[in-house]
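To keep things clear, I will list the structure first and then write my remarks on it.
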Amino acid sequence: GRGGKLPPVHPMAGADAPAPFWRTKNKTVLLNTSGLPLGIMRTTRYAEHKIKLSPGDDLFLYSDALTESPNEAGKRLGTVGVRKLLEKASKQSSADSALKEIMDGFFEFAPPPPPDDATAILLRITKS
């Protein structure tokens with residue numbers, strides 16, 4: 001056994017959740033999360049993808065409200081718009097202030113209330 005320890009795995013498989021972003025000092029990557037949702041078919045095989053998070057990297061997970069909520073003109077922010085918000089906010093000194101900047105930017109684009117839940121998590125790696 002593992003002595004009660006879980007492996008460092010975050011299962012992401014379909015379920016129509018938007019793909020998370022991984023932001024490093026030099027690039028922003030939209031992670032591949034395609035596939036059937038977990039538990040749909042007992043025999044489904046899933047590809048395993050690993051990334052190495054380093055100090056200063058951000059992992060951004062969010063609900064589809066951020067990409068799909070229309071503004072007053074009916075336009076949507078989309079994945080490109082969310083990426084731009086993340087890249088701009090990544091200059092903030094803390095994850096809390098970066099997340100606040102992202103959400104402020106989202107609500108400036110698509111004023112509240114959103115038609116769906118607007119949920120976001122920003123994880124910033126601080127130690128190796």
Calculated [θ] (222 nm, deg cm²/dmol) that DSSP helices of n ≥ 4 give over the chain, each run adding -39,500 (n - 2.57): -7000 deg cm²/dmol
In Å², nearest 10: area of Ile40 left accessible to a 1.4 Å probe: 110 Å²
Val29 - accessible surface, heavy atoms, 1.4 Å probe, Å² rounded to 10: 40 Å²
Directionally averaged shadow of the chain, computed from the convex hull of its alpha-carbon atoms, nm²: 9.9 nm²
Karplus-derived HN-Hα couplings along region 63-74 (A = 6.51, B = -1.76, C = 1.60, θ = phi - 60°), whole Hz, x at Gly and Pro: 7, 5, 4, 5, 8, 10, 6, x, 8, 5, 8, x
Relative contact order [Cα under 8 Å, 6+ residues apart], region 21-128, whole percent: 35 percent
Residue of Glu68, Glu87, Glu108 that the Gaussian network model of the chain assigns the largest fluctuation, springs spanning Cα pairs under 10 Å: Glu108
Most mobile listed residue (Thr44, Thr24, Thr67) in the chain, GNM with C-alpha springs under 10 Å: Thr44
Total charge dipole magnitude, region 26-128, about the Cα centre, Cβ charges on Lys, Arg, Asp, Glu only, Debye to nearest 20: 580 debye
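The values are calculated or read from the model by the stated rules, or taken from the named source; none is laboratory data. Quantities reported herein were computed from a predicted structural model and do not represent experimental measurements. Here Cβ is always computed from backbone atoms with ideal geometry, including for glycine, and neighbour counts include all displayed protein chains. When the accessible area is computed, the model is the full protein with side chains, heavy atoms only, and any ligands, DNA or RNA have been set aside. Shrake-Rupley method; radii C 1.70, N 1.55, O 1.52, S 1.80 Å.
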